[in-house]
Amino acid sequence: MKAIEQRDSAMAPARSVLDNGVRVIAKRSDATPAVTLHAAFEAGTVFDPPSEPGVSHFVSRTIDRGTALHAADEIAERLENRGVSLAITVNRHALSLVCTCLVEDLDVILATVADVVSQPAFPAPEVETRRGEIITMIRQDEDNPAAMAGEGLFSSLYGDRHPYGRRPRGSVDGVERVTGATLQAFHASRFRPAALSLVLVGDVEPARAIESASRAFSSWNAAPPADPVLPPVPASHERRVRVIPMMNKAQADIAYGFTTILRSDPAYYAYWLMNNILGEYSIGGRLGDRIRERQGMAYYVFSALDANVVPGPLLIRAGVNPANVDRALASIDEEITRMAADGPTDQEVAESRQYLIGSMPRRLETNVGIANFLQMVEFFDLGMDFDVRVPDLLRRVTRDEVHAAARAVLDPAKAAVVVAGPYAGTGGS
């Protein structure tokens, strides 16, 4: 095990890399006599084979359903007897296992998680049960205007050749073809010690937490996984509008967006402020103020920025009465055109900066919040002192830089627009 690095930051987490490549980050928090464990693998949906979209999601639903040593019932009983609920989620880049346990149970829970992630068995009966559940989820998505609009937008922005453009859960036909061997092959390719970042936050000294992690994981040896080769993100040169008719629904959902920048781009903080001003928290932003509050056209409206290891999207989402789709799209066009043309006001920049800086402590009030934050810091290699540097990074951003971010990305003529619901119009194309 490599020496523990203790960083000078407000949270002061410790970070260590085990001999097999597992990265362990530990933070002492004595708010409760418990420890949150967040294990994240570089095994998200971007790693699905192009011919098998949805495999990583299928793995997330089956990985804890039995191992080479323990049946699913044994694993469930071991967790339940200690009051532990293991939550397993997957996003585009990571598959995560999260739970909270008492300090005295940490070693047992770490050993259980290590068993689950290192040698899952994917038993046939469990695979069949989860297959049925996943197919039900896919069909529910296909009956949900918000889900269809969101998936349609990513498809428009990234295309079928890019993993971001594929449905995270795959298709019914694809899920029906998945076998235990398919899941084992994905596990063998992506679940390696060097692909694991393990965060432990709670009422335990970092050195002890890292020792416990070492006992649980140090015997697991496998070569590092291959680095992903993601295709370039296609550039947009024209407005693309897609309508997904769902005439039996009461509400139409709008997904409107652009591709933006990498998370590592120095301009990220200007984009972060720009998105916050535009409508990150709905009512507090321009979109919410105009479309929801003043015009009363939307049940909800907000923007979201997801700069990532590829140029991520800036999304605008809205739910509206079908009769208001064209008016809502016109208002979105007008608002982003105004932001690109005139930029934000000095007051908007100052208030958003103050809000984002002030909201940081609220993100870190719980062990789960701290663990999620530290996983994000590790994934993007931001440094263990990132929580200390964020305020200054935001204070350095000028109004002109926020305006430049808006000019660079906000152009209705290059937007991708998807409308799903009881709507048969053109969406303003």
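The values are calculated or read from the model by the stated rules, or taken from the named source; none is laboratory data. Here the structure is a predicted model, which is why all the values come from computation and not from measurement. Cβ: placed from backbone, ideal geometry, glycine included. Neighbour counts: every protein chain shown.
Condition first: exposed (fewer than 13 other Cβ atoms within 10 Å of the Cβ) and under 30 Å from GLY425 (Cα atoms). Now tell me which residues in the stretch 214-241 satisfy that.
Listed by number, the residues that qualify are ALA235, HIS237, GLU238.
Please identify the pairs in which a residue from the stretch 203-226 that is in contact (Cβ under 8 Å) with a residue 24 or more places away in the chain has its Cβ atom under 6 Å from the Cβ atom of a residue that is part of a loop (DSSP other than H, G, I, E, B) and surrounded by fewer than 18 Cβ atoms within 10 Å (Cβ to Cβ), counting only partners at least 6 apart or on another chain.
ASP203/ASP30; ASP203/PRO33; SER214/MET1
Taking the stretch 358-411, which residues are surrounded by 15 or more Cβ atoms within 10 Å (Cβ to Cβ) and not in a helix (DSSP H, G or I)?
Those that are surrounded by 15 or more Cβ atoms within 10 Å (Cβ to Cβ) and not in a helix (DSSP H, G or I): LEU364, THR366, PHE380, LEU382, MET384, ASP385, VAL397, LEU410, ASP411.
Yes or no: ALA340 at pLDDT 95 or above, at negative phi and touching a helix residue (DSSP H, G or I) at 6+ places or on another chain (Cβ under 6 Å)?
Yes: the conditions hold for ALA340.
Being over 27 Å from the mean Cα position of the chain (by Cα) and either outside any helix (DSSP H, G or I) or not aromatic (Phe, Trp, Tyr) (or both): is that true of ARG292 here?
no
Among the residues of the stretch 412-428, count how many are part of a loop (DSSP other than H, G, I, E, B) and either surrounded by 16 or more Cβ atoms within 10 Å (Cβ to Cβ) or not hydrophobic (A, V, I, L, M, F, W, C) (or both).
Total satisfying the criteria: 7.
Only one of (1) closer than 27 Å to ASN91 by Cα; (2) at pLDDT 95 or above; (3) not in a strand (DSSP E or B) is not met by SER236, so which one is it?
Unmet for SER236, out of (1) closer than 27 Å to ASN91 by Cα; (2) at pLDDT 95 or above; (3) not in a strand (DSSP E or B): (2).
What residue, among those in the stretch 119-159 that are touching a Pro at 6+ places or on another chain (Cβ under 9 Å) and either of a type outside the set (Gly, Ala, Ser) or assigned to a helix (DSSP H, G or I) (or both), is farthest from GLY312 (Cα to Cα)?
Among those residues, the one meeting the criterion is PRO145.
Going by what's in this entry, would PHE258 be described as surrounded by 13 or more Cβ atoms within 10 Å (Cβ to Cβ), of a type in the set (Phe, Trp, Tyr), without any contact (Cβ under 8 Å) to a residue 40 or more places away in the chain and farther than 27 Å from GLY383 by Cα?
no
Do any helices (runs of 4 or more DSSP H) entirely within the stretch 169-231 hold 2 or more residues that are of a type in the set (Lys, Arg) and out of contact with any His (no Cβ under 7 Å at 6 or more places or on another chain), and if so, which?
206-217
Inside the stretch 1-117, counting only strands (runs of 3 or more DSSP E) that do not spill past its ends, which hold 1 or more residues that are loosely packed, with under 15 Cβ neighbours inside 10 Å and of a type in the set (S, T, N, Q)?
Counting at least 1 such residues, we get 87-90.
In this structure, is MET274 surrounded by 15 or more Cβ atoms within 10 Å (Cβ to Cβ), in a helix (DSSP H, G or I), within 26 Å of the chain's Cα centre (by Cα) and outside the structural domain of LEU153 (by TED's automatic domain parsing)?
Yes, satisfied.
Let's see how each residue does on (1) of a type in the set (Gly, Ala, Ser); (2) over 19 Å from the mean Cα position of the chain (by Cα); (3) on the phi > 0 side of the Ramachandran plot:
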residue: PRO361; (1), (2), (3): no, yes, no
residue: GLY369; (1), (2), (3): yes, no, no
residue: ASN372; (1), (2), (3): no, no, no
residue: VAL377; (1), (2), (3): no, no, no
residue: PHE380; (1), (2), (3): no, no, no
residue: VAL388; (1), (2), (3): no, yes, no
residue: ARG396; (1), (2), (3): no, yes, no
residue: ARG399; (1), (2), (3): no, yes, no
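For the stretch 295-327, what are the residues that are assigned to a loop (DSSP other than H, G, I, E, B) and either among the β-branched types (Val, Ile, Thr) or modelled with pLDDT of 90 or more (or both)?
Matches in the stretch 295-327: ASP306, ALA307, VAL309, VAL310, PRO311, GLY312, ASN321.
Can you list residue pairs whose Cβ atoms sit under 7 Å apart, with the first residue in the stretch 296-325 being more than 15 Å from ALA255 (Cβ to Cβ) and the second being assigned to a loop (DSSP other than H, G, I, E, B) and among the basic types (Lys, Arg)? Count only pairs 6 or more apart in sequence or on different chains.
Every condition considered, the pairs that remain are ALA307/ARG263; ASN308/ARG263; VAL309/ARG263.
Take the conditions surrounded by 14 or more Cβ atoms within 10 Å (Cβ to Cβ) and of a type in the set (Lys, Arg) and apply them to ARG130. Does it pass?
Yes: the conditions hold for ARG130.
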